[in-house]
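Undergrad: Quick one: the structure is below, questions incoming.
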Amino acid sequence: MFTCRQIYDLVTEYDEGSLETGERRQFEQHVVICPPCRGFLSQMRDTRDRLGQYSPPEFPAELEDSIVNAFRTWKKEQQ
Amino acid sequence: MIAYKFLSSGAIGLFSRHAWPTPTSDAPGEWVRVDGEVKECLNGVHACAKSQLVEWLDDELWEIELDGAVLEADGAVIAPAGRLVRRLEGWNDECARAFVGHCVDGTVALAAESLAREGRATDAEALLASRSQPGAELKVFELARNLEEDQSGPVRFAADMARLEHGGRPELDADAPTAEAGGPTPAALAANLGFVCAHITAQLAEQESAGAYAESFARERVSQSSWLAEKLQLEPLGDAS
């Protein structure tokens, strides 16, 4: 069975349906018996639902590029 | 085929978040059908047999009628269609707490037996007594601290269990919030404690006989489901035995 840490890491893939059957089973078996992970799954879904209702403003393409580049640079530095 | 289905409060699927159509006073709920091939954990109406009840504990328990070819999977039965027939009102917060008490009592007794077999009768008696005294959790914790060097660990498991029983976490000092404040519901605690107690039981079995864990764990889970089915007076229905 998965650990809480694995549930944390896999929650997005679970909701996107990209986990294999065995992994989905393990994910669900853990969530049923783990109250904090139940809460975590519920919170993640609530957050996603709310963000889905949000319409972001349009950014100029240059600004978007600079933000993406800054993120990529930051991510490289973290590795 | 008649089977059983646990749902979160309001007849909502824990994983699917599907709002199930509920029965009226004179008719079952509407059929829920899925398109495409039935696949475990991916597509299909998921329910369980009596022997699988404790694998899926949640706030509400419903009797569900399944239609079409039923796939029997590890821990679940899955069909292309299903409808809720009636809610089993016997599964409620009180019953969830009774289930927890049943599991914890049985596990504490096993842990005490283990201590007694090691020649630690006094510790065994203290552990058993801690269950029936006020502040049982603190007494079990105190006992666990006193036995910090205990390699076998059944008392330490029991200390974890005592904290979990009240919604806390073994690794945290803070009390758990109530269900009203976003903490676990009695059903979620029951799901948690049932698993933990089966784990402790299997650990104790493993201590007695190497390699006994898996069989002991599975047997304990079936035993818990049997206790619950009897408590709820579930009738043998269709193939859902």
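The values are calculated or read from the model by the stated rules, or taken from the named source; none is laboratory data. Because the structure is a prediction, the values reported are computed rather than measured. Every residue, glycine among them, receives a Cβ derived from its backbone with ideal geometry; neighbour counts consider all protein chains shown. Just the protein is used for accessible areas: all its heavy atoms, side chains included, with ligands, DNA and RNA removed. Shrake-Rupley method; radii C 1.70, N 1.55, O 1.52, S 1.80 Å.
Undergrad: Inspect the stretch B:65-78 for any residue being touching a residue at least 12 places away in the same chain (Cβ under 8 Å), in a loop (DSSP other than H, G, I, E, B) and in contact with a Cys (Cβ under 6 Å, 6 or more places away or on another chain) and give the result as yes or no.
TA: no
Undergrad: Further, regarding this structure: Could you grab me the full set of residues in the stretch A:1-18 that are surrounded by fewer than 18 Cβ atoms within 10 Å (Cβ to Cβ) and of a type outside the set (Lys, Arg)?
TA: A:Met1, A:Thr3, A:Cys4, A:Gln6, A:Tyr8, A:Asp9, A:Thr12, A:Glu13, A:Asp15, A:Glu16, A:Gly17, A:Ser18 - these are the residues of the stretch A:1-18 that are surrounded by fewer than 18 Cβ atoms within 10 Å (Cβ to Cβ) and of a type outside the set (Lys, Arg).
Undergrad: Okay, next question. For residues that are assigned to a strand (DSSP E or B) and not β-branched (Val, Ile, Thr), tally how many sit in the stretch B:2-23.
TA: Residues flagged as assigned to a strand (DSSP E or B) and not β-branched (Val, Ile, Thr) within the stretch B:2-23 amount to 7.
Undergrad: Go through the stretch B:33-64 and give me each residue that's within 11 Å of chain A (Cβ to nearest Cβ), open to solvent by 20 Å² or more (accessible area, probe 1.4 Å) and outside any loop (DSSP other than H, G, I, E, B).
TA: Those that are within 11 Å of chain A (Cβ to nearest Cβ), open to solvent by 20 Å² or more (accessible area, probe 1.4 Å) and outside any loop (DSSP other than H, G, I, E, B): B:Lys39, B:Asn43, B:His46, B:Glu55.
Undergrad: For the stretch B:79-94, enumerate the residues that are of a type outside the set (Val, Ile, Thr), touching a residue at least 60 places away in the same chain (Cβ under 8 Å) and part of a strand (DSSP E or B).
TA: Passing the criteria: B:Ala79, B:Gly82, B:Arg83, B:Leu84, B:Arg86, B:Arg87.
Undergrad: Are any residues in the stretch B:1-60 among the acidic types (Asp, Glu) and farther than 20 Å from A:His30 by Cα, and if so, which ones?
TA: Answer for the stretch B:1-60, where residues must be among the acidic types (Asp, Glu) and farther than 20 Å from A:His30 by Cα: B:Asp26, B:Glu30, B:Asp35, B:Glu37.
Undergrad: Can you pull out the residues in the stretch B:73-86 that are within 14 Å of another protein chain (Cβ to nearest Cβ) and either charged (D, E, K, R) or farther than 28 Å from A:Cys34 by Cβ (or both)?
TA: Listed by number, the list holds a single entry, B:Asp74.
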